[in-house]
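What follows is one structure encoded as structure tokens, with my remarks underneath.
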Amino acid sequence: MKRKAALLTFLLLVAVIFTPVAAQPPLFSTSLPKEEFAARRAKVFQKIGDAAVVMQGATETSAYEKFRQSNQFYYLTGVTTPRAILVMDGRAKSTTLYLNPRNERMESSEGPVLIPGPAAEQLTGIDRVLPRDEFERAAAGLAGRTVYTTVRGETGLMGTPDRAQAHERAREADPWDQRPSREAWLRTKLTARAPGVKYENLDDILDEMRMIKSPREIALLRESSRIAGLAMMEAMRAAEPGMYEYEIEAIGDYIFKKHNAQGPAYYGLVAAGTNSAWPHYHAAQAQLKAGELVLFDYAPDFQYYTSDVTRMLPANGKFSADQRELYGIYVKLYQAIMTSIRPGPASDILKDVVRKMDDAMSSHRFSSTRNREAALRFVDGYRARVSSSQPGLPLGHMVGMEVHDVTKNFTVYEPGMVFTIEPALTIPGDRVYIRLEDMILITPTGYENLSNMAPVEIDAIEKLMAEPGIPQLMRKPSSTASR
């Protein structure tokens, strides 16, 4: 009888979870299946042997903002509920998720969230999903064992490992801000509950796993790149003298939201004229002027996967003769890099890059000595890398769940790696700065440019800028004169 009652309860819970409800918030990842997360946990089990894993998810924030799970926790679970705790037992090869119990008051206001019980186990594919209060007893059972925990500060929307580490260093150096990190406090509490516990760094395992993207991850990165490309193209249509940098950024925000992104992957970089000489300028308060080039570097966080795309455009829709000369050779040199990319050591790729750059320089007509010297410095920078002591360094930063994604034990480019190229051609004395950026996927035979829909060639950009953009279409027909 008890078994029958328990079965009935389980079926009712499942029915509640899976019954279609208008606008019901998702209780689990909608972008990746539970099997993907289970496969990742299986790889972790292979790495840790008889040890255990303990990791905590992100908390709710102190603001009215949508919850976004921390990247490492999401990578292993797909769970998007605040204050979750994951325990993986290498001896038993079992996984337990600890969640807060149902909060009926919150649920009546914001909708249901994932709660402990059989329905959550079915939904997530995790062996057991228990009330968070029961973690206390589980922690005590880890005494004397080796436990893997994350060490680096957690990252979420617009977060990156490098910024998390910089924030931690700044906090540690501030005598008025000596709070321990959540990661350090977890280890302190575990030590008190489980004497003799020994710690290892879980980040090292997860970071190396995240270097190679699965086919499903690549599909998400491809969509994130597509959305970024749409934002670049719409900005080209819209840009005109008199607009402000923040208006270009707003176009990106609209495109991201229109295509269901969680938000931006990083703050928007819109830099008109000499503002672009600051590579991460983001004040976005200057007005666009005729004759200026505008740098636009912005991309979305789509289903926990980001992109990173940059384009440059003339504010008035037409490149000047000098801009055509300098930007034109930059595009040729940029394509020399891109078309050389393939699996293998970066040092081998660089040799082909320099050969192609030399060919491009020999065929390009320069009328300006200044521009020619700037291009030569650019090429010589790559030539120096070929003969340097570290020619195998990556050509650009990795991209994945974070825009400056994790990099661990990099030696050669392998199929499934995703990164950007973003070389800058500069004339520092005149504050001239030219940069493009694309999302590159390493394939078995070469590469795929995931963001190639956004044009980089001069004629294609000018043609697109002749089309009306959002601001022009919002005006009365009589005032939508061409540029």
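We did not get these values from a lab; they are worked out from the coordinates using the rules stated. Not measured: the values here are computed from a predicted model. Positions of Cβ are generated from backbone atoms using ideal geometry, with glycine treated the same way; all protein chains shown enter the neighbour counts.
Computed values, structure above
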| quantity | calculated |
| --- | --- |
| Relative contact order for the chain, counting Cα pairs under 8 Å that sit 6 or more residues apart, in percent | 14 |
| Compactness of the chain, expressed as Rg and Dmax over alpha-carbon positions, Å | 25.6, 91 |
| Residue-count net charge about Leu157 - beta-carbon cut-off 13 Å; Lys, Arg +1, Asp, Glu -1 | -1 |
| Protection proxy ranking, peptides 406-417, 59-70, average beta carbon neighbours within 10 Å, highest first | 406-417, 59-70 |
| 20 Å Cα-Cα threshold exceeded, pairs from Lys43/Lys408; Lys213/Lys257; Lys34/Lys213; Lys43/Lys213 | Lys213/Lys257 |
| Relative contact order (percent, whole number), region 338-391, Cα cutoff 8 Å, 6+ residue spacing | 44 |
| Within the chain, helix-based [θ] at 222 nm, where runs of 4 or more DSSP H residues each add -39,500 (n - 2.57), nearest 500 | -13000 deg cm²/dmol |
| Cα gyration tensor, region 26-67 - rounded (a/c under 1.5), prolate or oblate | oblate |
| Separation between Cα centres of region 374-432 and region 102-121, rounded to whole Å | 46 |
| Helix 369-386 vs. the chain, principal-axis angle (Cα, 0 to 90°, nearest 10) | 40 |
| Between helix 215-238 and the chain: long-axis angle, C-alpha atoms, 0 to 90°, nearest 10 | 40 |
